[in-house]
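**Student:** Can you keep this structure in mind? I'll have questions shortly.
The values are calculated or read from the model by the stated rules, or taken from the named source; none is laboratory data. Computed from a prediction, not measured in an experiment: that's the story for all the values here. Ideal geometry is used to build each Cβ from the backbone, glycine not excepted, and the neighbour counts take in all protein chains shown. Areas reflect the complete protein model, heavy atoms only, side chains present, ligands, DNA and RNA absent. Shrake-Rupley method; radii C 1.70, N 1.55, O 1.52, S 1.80 Å.
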Amino acid sequence: MQSAPTFKLVLIGESGVGKTSLFMRVKENRFCSEAALGLEFCTADATVDGVRIKLALWDTAGVERFRTLTRNYYRHCHCALLVCSLDDKSSLDNLHRWNQDVDFYCKDCLKVIVANKNDLQPEVSAEQLQNFASTFGCKQVFYVSAKTGDGVQQLLTDTGRLLMGAH
Ligand code: GDP
Ligand code: MG
């Protein structure tokens, strides 16, 4: 039997936007912003047009606070999930810098925007997100909530579909 196509996805974005919460939502389907120490990635299965694929999701383990995400983190990455928080405009403004890192370390990877915390009153508009996406070559904008789980499965499935189309 052929093994399922596997893709590496990295969570990117400033501290506090909810990367670890998204990671835990995918890993254990619960709302929690503490991941086990040393845990680098978890895997999720998705089905794209009848084909089973594996998504290996990587979290930063908090080191983004010191901007010390290394080349290793991005190595062989297929997709960067650029995460911002809908209730915090500065988190979208700061994505510029993270986007530069992604362009530097993984030139050909797929980029999508993940607008997290859509259970809260938004401070960022759909237009601002769309502008960012078209300016920086992000394929799609996803609205999710790690807290309620809203949109998370859709994010995995649709990103999987984009990855299958691109590879
Ligand atoms: P990280 O620094 O990017 O890993 O962010 P965390 O996952 O540690 O989350 C930062 C804070 O945002 C924590 O207090 C989380 O409980 C909270 N948070 C994360 N995701 C959501 C969400 O979807 N909705 C709400 N309301 N809060 C969230
Ligand atoms: Mg974290």
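**Student:** For Lys89, state whether it is at pLDDT 95 or above, open to solvent by 70 Å² or more (accessible area, probe 1.4 Å) and more than 16 Å from ligand 2 (Cβ to nearest atom).
**Tutor:** No.
Rundown of residues vs (1) open to solvent by 80 Å² or more (accessible area, probe 1.4 Å); (2) modelled with pLDDT under 90, yes/no style:
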position	(1), (2)
Gln2	yes, yes
Gly13	no, no
Lys19	no, no
Arg52	yes, no
Leu55	no, no
Val63	no, yes
Arg71	yes, yes
Asn99	no, no
Val114	no, no
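**Student:** Looking only at the stretch 49-59, decide whether some residue is of a type in the set (D, E, K, R), over 21 Å from Asp150 (Cβ atoms), assigned to a strand (DSSP E or B) and away from ligand 1 (no atom under 16 Å from the Cβ).
**Tutor:** yes
**Student:** Continuing with this model, one more query. Would you confirm whether any residue within the stretch 23-35 is surrounded by fewer than 21 Cβ atoms within 10 Å (Cβ to Cβ), in contact with a strand residue (DSSP E or B) (Cβ under 6 Å, 6 or more places away or on another chain) and in a helix (DSSP H, G or I)?
**Tutor:** yes
**Student:** Go through the stretch 128-143 residue by residue and tally those that are part of a loop (DSSP other than H, G, I, E, B) and farther than 19 Å from Ser90 by Cβ.
**Tutor:** Counting residues in the stretch 128-143 that are part of a loop (DSSP other than H, G, I, E, B) and farther than 19 Å from Ser90 by Cβ gives 3.
**Student:** Also, quick follow-up: Can you pull out every residue in the stretch 25-58 that is farther than 22 Å from Asn116 by Cα and either of a type in the set (A, V, I, L, M) or under 16 Å from the mean Cα position of the chain (by Cα) (or both)?
**Tutor:** Once the filter is applied, which keeps residues that are farther than 22 Å from Asn116 by Cα and either of a type in the set (A, V, I, L, M) or under 16 Å from the mean Cα position of the chain (by Cα) (or both), the stretch 25-58 yields Leu37, Val48, Val51, Ile53, Lys54.
**Student:** If you go through the stretch 145-152 one residue at a time, do you hit one that is farther than 21 Å from Tyr73 by Cα, open to solvent by less than 50 Å² (accessible area, probe 1.4 Å) and assigned to a helix (DSSP H, G or I)?
**Tutor:** yes
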